[in-house]
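Okay, structure first, notes after.
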Amino acid sequence: MARTIIIAGALAIGVRTVLFEPFNIPSGSMIPTLQVGDYLWVAKYSYGYSHFSLPRSPDLFSGRIFERTPHRGDVAVFRFTKDTSIDYIKRIIGLPGDRVQVRGGELYLNDVLVPRVSKGDYVAVDEHRTRMEGQRFQEDLPGSAGAPTVRHDILKLTNEGFQNDTPVYVVPQGYFFAMGDNRDDSADSRFMGDDPEDLGFVPMENLIGQAKWIFLSLDTRYPVWEFWMWPAEIRWNRLFMGVK
């Protein structure tokens, strides 16, 4: 029995380290692509492995093994730059050498406006149950390394504030630039200062993997003790959705 438990535990650790790791969405920064309460499978093999890929992230080596450069438009899980014990999930917008800027609430990549089309009004609820009313857009982000255009949705709440009129950011070698799809409720690479929530450029070493599929989605509207309401909290239409 003990041997079986040890083998099963080793297999589980191996799968979690090398292949897939579950991840849940705690905040509304990726709405409408991801909702608070989504549970995802993250592919660990997508970008190779760093010491952050290992359980408890022991500092055994630097850099990445079997490194693969992420694609522009990937939804990726990575370690927060200010505290590497924290996982973040954002969309990769800029790769090394890219010029990224937001002007008047619109995204520019390498000095070219990224096309977007309005899909109408959209109402979202964040992790604090705060109601957010904005406009949903379909954005066409240019692919990288010969990949096709990445078509995905974003949410815009306003065109005011620093996040909507930024300087030009030139992504350095060994880093990427990440943004949330909820463009006005996301602490992301647009914020480069010393504030504890500022993300800045993200080292490639911090990558954990690419978000692939939603295997569960819960809208926790009711107290946990109301177990008879649990089935009503499952977002059945989101189960087994691919992340794009």
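The values are calculated or read from the model by the stated rules, or taken from the named source; none is laboratory data. Given the structure is predicted, the values throughout are model-derived calculations rather than measurements. So basically every Cβ, Gly included, is an ideal-geometry build from the backbone, and we count neighbours across all protein chains shown. Surface accessibility is based on the protein's heavy atoms, side chains included, excluding ligands, DNA and RNA. Shrake-Rupley method; radii C 1.70, N 1.55, O 1.52, S 1.80 Å.
What's log10 of I(q)/I(0) for the range 20-134 at q = 0.11, 0.16, 0.19 Å⁻¹, Debye sum over Cα points only, no solvent?
Calculated log10 I(q)/I(0) at the listed q: -0.49, -0.98, -1.24.
List the residues, sorted by chain then number, that are 5 or more residues from Leu107 or on another chain and whose placed amide H is less than 5 Å from its amide H.
It is Val114, by chain and number.
Rounded to the nearest whole Å², what accessible area per residue is found for the range 110-149 with the 1.4 Å probe?
I get 63 Å² per residue for this part.
Between Asn110 and Asp194, what FRET efficiency comes out of the Förster formula 1/(1 + (r/R0)^6) with R0 = 22 Å and r the beta carbon distance, rounded to 0.05?
My answer for the efficiency is 0.20.
How large is ³J(HN,Hα), in whole Hz, for each residue of the range 57-72 in order, when computed from phi with the Karplus curve 6.51 cos²θ - 1.76 cosθ + 1.60 and θ = phi - 60°, using x for Gly and Pro?
Result, ordered by residue: 6, x, 7, 8, 7, 10, x, 10, 9, 6, 4, 10, 6, x, 9, 4 Hz.
Could you order peptides 229-240, 149-160, 24-35 by the average number of other Cβ atoms within 10 Å of their residues, highest first? Intermediate results must be reported in sequence, preceding the final value.
Working: 229-240: 11.7, 149-160: 17.3, 24-35: 20.6.
With the highest mean Cβ count within 10 Å placed first, the list reads 24-35, 149-160, 229-240.
Between the range 13-82 and the range 113-128, what's the alpha-carbon centroid distance in Å?
25
I need the shape label for the chain. Rule: rounded when a/c is under 1.5, else prolate if a/b > b/c, else oblate, with a, b, c from the alpha carbon gyration tensor.
It comes out oblate by the Cα gyration axes.
Relative contact order for the range 150-230: what percent, with Cα pairs under 8 Å and sequence separation of 6 or more?
Relative contact order comes out at 22 percent.
Using θ = phi - 60° and the Karplus curve 6.51 cos²θ - 1.76 cosθ + 1.60, what whole-Hz ³J(HN,Hα) does each residue of the range 158-171 get, with Gly and Pro shown as x?
Karplus-based 3J(HN,Hα) across the range 158-171 equals 7, 10, 9, x, 4, 5, 9, 8, 10, x, 7, 9, 9, 6 Hz.
Taking only DSSP H segments of four or more residues, each worth -39500 (n - 2.57), what value at 222 nm results for the chain once the sum is divided by all its residues, to the nearest 500 deg cm²/dmol?
Taking each H run of at least 4 residues, the total per residue is -2500 deg cm²/dmol.
Which of the trypsin sites (Lys or Arg not before Pro) found in the range 22-67 are loop residues per DSSP with 10 or fewer other Cβ atoms within 10 Å of their Cβ?
Details: sites: Lys44, Arg56, Arg64; in loops: Lys44, Arg56, Arg64.
Passing sites in the range 22-67 are Arg56.
Pick out, from Gly193, Met179, Ile65, the residue whose Cα sits farthest towards the positive end of the charge dipole of the chain, with +1 on the Cβ of Lys and Arg and -1 on the Cβ of Asp and Glu.
Ile65
Amide H to amide H, which residues 5 or more places from Ser217 or on other chains are under 5 Å from it, using H placed in the peptide plane?
Amide H to amide H, under 5 Å and 5 or more residues apart or across chains, Ser217 pairs with Tyr39, Arg235.
Testing the spin-label approximation: label points 7 Å from Cα along Cα→Cβ at Ile86 and Thr149. State their distance in nm.
About 3.5 nm, to one decimal.
Under a straight-distance cross-link criterion of Cα-Cα below 12 Å, which aspartates and glutamates are reachable from Lys44, leaving out those fewer than 8 residues away in the same chain?
Glu21, Glu67
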